[in-house]
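To keep things clear, I will list the structure first and then write my remarks on it.
Just so it is clear, none of the values below were taken in a lab; they were calculated from the coordinates. Owing to the predicted nature of the structure, the values given are computational and were not obtained by experimental measurement. Cβ coordinates were reconstructed from backbone atoms using ideal geometry, including for glycine residues, and neighbour counts include every protein chain displayed.
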Amino acid sequence: MEFVDLEKLIRGRRSIRRWEEKGVPEELLTQAVKLATWAPSGGNKQNWHFYVIVNHDIITAISDAVQARAEQIASWPEAGKFRDVAARMRVKASFFRNAPAAIAVAAGRYQSEVDQILAAREKIDPEAGQIREWRDISNTRIQSVASSIAYLLLILHQMGLGAIWMTGPIQAKREIEKVLRVPPEMDFVAFIPVGYPAESPAPKELRPFEEVCEVVR
């Protein structure tokens, strides 16, 4: 692939929230996930697990769980000063209900050797605890899963499919893990509705490059 083709692929990808009423071949989705597992992962743990969902009853059950949790949060008195946000939650929390397919992502739990050393040391050494907190900021397993999802979104786009990376559904983590039968040693961390796009969103304006990058010479 020439650089110009890669640039076009990346610049052309959009978050899609409306899809055609058309099924997505299971083989396309599994092929996309298989390629996405070539993404880098911390310690090469490859601590991800993908649930390719083509059963619409499962998608409905997940959307119901997310909507119920959104309604619960929006009903709390604390949501009163965020009325616009609460209203949007009630309307948009389960917009993915009609997605033809979806991919749920779970992350395995592990503690690196360095983290084990720090966990033992911090009991007697505050500096070790500080170092562990710094390492927790970068949360290796989430970074690993995020790298595979970034690959996955580009692959799906190249296939002519439209998807959106969602973390909001984690508010219904317990219910979703029950529906998908996620094992206790793993955590549901992301949800990606997929289908053939029924919209062509305009590109969003990016922050000036100079604000987000500097060359250290």
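If you check 22, 34 for being loosely packed, with under 15 Cβ neighbours inside 10 Å and farther than 24 Å from residue 184 by Cα, only one passes: 22.
Of 117, 73, all but one fail to be in contact (Cβ under 8 Å) with a residue 40 or more places away in the chain and not acidic (Asp, Glu); the exception is 73.
Condition test on residue 133, is it touching a residue at least 24 places away in the same chain (Cβ under 8 Å) and farther than 26 Å from residue 37 by Cα? Considered against the rule, which asks whether it is touching a residue at least 24 places away in the same chain (Cβ under 8 Å) and farther than 26 Å from residue 37 by Cα, residue 133 comes out as no. When segment 148-180 is filtered for residues that are part of a loop (DSSP other than H, G, I, E, B) and aromatic (Phe, Trp, Tyr), only 165 remains.
Would you say residue 75 is of a type in the set (Gly, Ala, Ser) and in contact with a helix residue (DSSP H, G or I) (Cβ under 6 Å, 6 or more places away or on another chain)? For residue 75, the condition - of a type in the set (Gly, Ala, Ser) and in contact with a helix residue (DSSP H, G or I) (Cβ under 6 Å, 6 or more places away or on another chain) - is not met. If the condition is being more than 30 Å from residue 108 (Cβ to Cβ) and either surrounded by 10 or more Cβ atoms within 10 Å (Cβ to Cβ) or touching a residue at least 12 places away in the same chain (Cβ under 8 Å) (or both), then segment 179-217 contributes 196, 197, 198, 199, 200, 201, 203. Sort out which residues of segment 75-114 are under 30 Å from residue 44 (Cα atoms) and among the aliphatic types (A, V, I, L, M), and write them in order of number. The answer is 101, 102, 103, 104, 105, 106, 107, 114.
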